[in-house]
Amino acid sequence: MMLATGAQRARTVIVATLPPPAKLYGRALQGIFKRGGAAAELPSIRLVRPNVRLDPEQIGRYARVCGFIPEHGVPSTFPHVMAFPLHLMLLTDPKFPWPAIGLVHISNTVHMRNTLHSGQALRIEVESGTLVPHDKGQAFTLHTRIYRGGEAVWDAESVYLKRGVAGHGGSVLASDPPDIIEAPVLTREARWQLPAQLGRDYAKASGDFNPIHLHALTAKAFGFPRAIAHGMWTLGRTVAAIQPCKQLASANINGEFESPIFLPAETTLWTHASLTTARDFEVRDLAGERLHLRGRFDWELS
């Protein structure tokens, strides 16, 4: 059930009970028949879950599939999983101009401002930002803000792209902006084998059952030769591999999703230590030639 409050411009909707996943994905599948072109604006809605507990069982499932260890505590990328149902509710709102399935997740930025602990109660808020022209269509950001007892403890920006529509107004967000400074030389650090069922394993831990990730047959229905790994799994796996064996007091994570990883696959992790508490990173194919993910992770220890 949802109870609406708030002003006209930013209508706040309190989500007392999440819709069942089957209902949300039913709405997402129905949305593929939308024929939306370029959009002038997105629905001005703020979705709020006022009291969500950090569930130790869900944290454990997520940690295992992404490679986090108990010494890491609550993974810094885990709150994205808590906010994801609200993301999907926004993207499947009847007033949203495009199908949720088919949008391209092009980047994610995370700011963990304080250590999170299992069992704590949090307030989660999600809303969409303004539309931005992109050289391949139109882009927009989903903003996530998480509070504990009125204190901001975690926030993130998830940038999505709708391909093939003409953007208008503002400056263009390029898919591959030119480097301002010389890129660091990265060293190969790890090799990962990604099984065919990885998408299903991560879906069970995260609640993200997008059919392009689940099976070759469902992926082919949307134009992919095989199922592809979730981008947020790749980012979480990277953070888990880089993080010291301790809890973090704070962290900043930026990841740009460059190309899909088709499952099963073998990938490699490449890093550069710009500081003792910071790493530039890339995830590439086995040969080290095709780039899947690049970004930066910096942190402070508890």
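The values are calculated or read from the model by the stated rules, or taken from the named source; none is laboratory data. On a predicted model such as this, the values are computed, not experimentally measured, just so you know. In this analysis, Cβ positions are derived from the backbone assuming ideal geometry, glycine residues included, and neighbour counts consider all displayed protein chains.
Among the numbered criteria (1) within 21 Å of E300 (Cβ to Cβ); (2) surrounded by fewer than 18 Cβ atoms within 10 Å (Cβ to Cβ), which one does R61 miss?
Among (1) within 21 Å of E300 (Cβ to Cβ); (2) surrounded by fewer than 18 Cβ atoms within 10 Å (Cβ to Cβ), R61 violates only (1).
Suppose we filter segment 156-185 for residues that are crowded, with 18+ Cβ neighbours inside 10 Å and at pLDDT 80 or above; how many remain?
Matching residues across segment 156-185 total 7.
Picking from F84, F78, which residue would you name as being of a type in the set (F, W, Y) and over 18 Å from F140 (Cα atoms)?
One residue alone meets the criteria, F78.
One residue is enough: does segment 268-286 have a residue meeting the conditions in a helix (DSSP H, G or I), touching a Lys or Arg at 6+ places or on another chain (Cβ under 9 Å) and on the phi < 0 side of the Ramachandran plot?
No.
What's the number of the condition S302 fails, among (1) modelled with pLDDT of 95 or more; (2) out of contact with any Phe, Trp or Tyr (no Cβ under 7 Å at 6 or more places or on another chain); (3) not hydrophobic (A, V, I, L, M, F, W, C)?
Every listed condition holds for S302 apart from (1).
Taking into account only those residues within segment 186-207 that are of a type outside the set (G, A, S) and surrounded by 22 or more Cβ atoms within 10 Å (Cβ to Cβ), which is nearest to the chain's Cα centre (by Cα)? Before the answer, list the steps.
Kept after step one, since they are of a type outside the set (G, A, S), are these residues of segment 186-207: 186-189, 191-195, 197-198, 200-202, 204.
Subsequent filtering for residues that are surrounded by 22 or more Cβ atoms within 10 Å (Cβ to Cβ) retains 198, 202.
Numbers: L198: 16, Y202: 13 Å.
Filtering first and then ranking leaves Y202.
Please work out which one of (1) assigned to a helix (DSSP H, G or I); (2) polar (S, T, N, Q); (3) surrounded by fewer than 20 Cβ atoms within 10 Å (Cβ to Cβ) is the condition T234 fails and give its number.
Of the numbered conditions (1) assigned to a helix (DSSP H, G or I); (2) polar (S, T, N, Q); (3) surrounded by fewer than 20 Cβ atoms within 10 Å (Cβ to Cβ), the odd one out for T234 is (3).
Going through segment 271-293 one residue at a time, which ones are in contact (Cβ under 8 Å) with a residue 40 or more places away in the chain, of a type in the set (A, V, I, L, M, F, W, C) and either surrounded by fewer than 15 Cβ atoms within 10 Å (Cβ to Cβ) or touching a Gly at 6+ places or on another chain (Cβ under 7 Å) (or both)?
F281, L286, L293
Looking at (1) touching a Gly at 6+ places or on another chain (Cβ under 9 Å); (2) among the polar types (S, T, N, Q); (3) in a loop (DSSP other than H, G, I, E, B), which is the one condition that is false for S107?
Among (1) touching a Gly at 6+ places or on another chain (Cβ under 9 Å); (2) among the polar types (S, T, N, Q); (3) in a loop (DSSP other than H, G, I, E, B), the lone unmet condition for S107 is (3).
Identify, from the list P97, P19, P85, the residue that is over 27 Å from D201 (Cβ atoms) and either outside any helix (DSSP H, G or I) or of a type outside the set (D, E, K, R) (or both).
Residue meeting the stated conditions: P97.
Would you please name the residue that is modelled with the lowest pLDDT, looking only at residues in segment 208-227 that are buried (at least 22 other Cβ atoms within 10 Å of the Cβ) and hydrophobic (A, V, I, L, M, F, W, C)?
A219
I need the full set of residues from segment 237-265 which are surrounded by fewer than 20 Cβ atoms within 10 Å (Cβ to Cβ), outside any loop (DSSP other than H, G, I, E, B) and not hydrophobic (A, V, I, L, M, F, W, C), in order please.
Once the filter is applied, which keeps residues that are surrounded by fewer than 20 Cβ atoms within 10 Å (Cβ to Cβ), outside any loop (DSSP other than H, G, I, E, B) and not hydrophobic (A, V, I, L, M, F, W, C), segment 237-265 yields S250, N252, N254.
How many residues are buried (at least 20 other Cβ atoms within 10 Å of the Cβ), among the aromatic types (F, W, Y) and more than 18 Å from L88 (Cα to Cα) when one looks only at segment 136-155?
So the count comes out to 1.
So how many residues does segment 116-135 have that are more than 20 Å from L86 (Cβ to Cβ) and surrounded by fewer than 17 Cβ atoms within 10 Å (Cβ to Cβ)?
4
Go through segment 186-226 and count every residue that is within 16 Å of Y62 (Cα to Cα), outside any helix (DSSP H, G or I) and among the polar types (S, T, N, Q).
Total meeting the criteria: 1.
Of the residues that sit in segment 29-64 and are in contact with a Phe, Trp or Tyr (Cβ under 9 Å, 6 or more places away or on another chain) and part of a helix (DSSP H, G or I), which one is modelled with the lowest pLDDT?
By that ranking, first place goes to G31.
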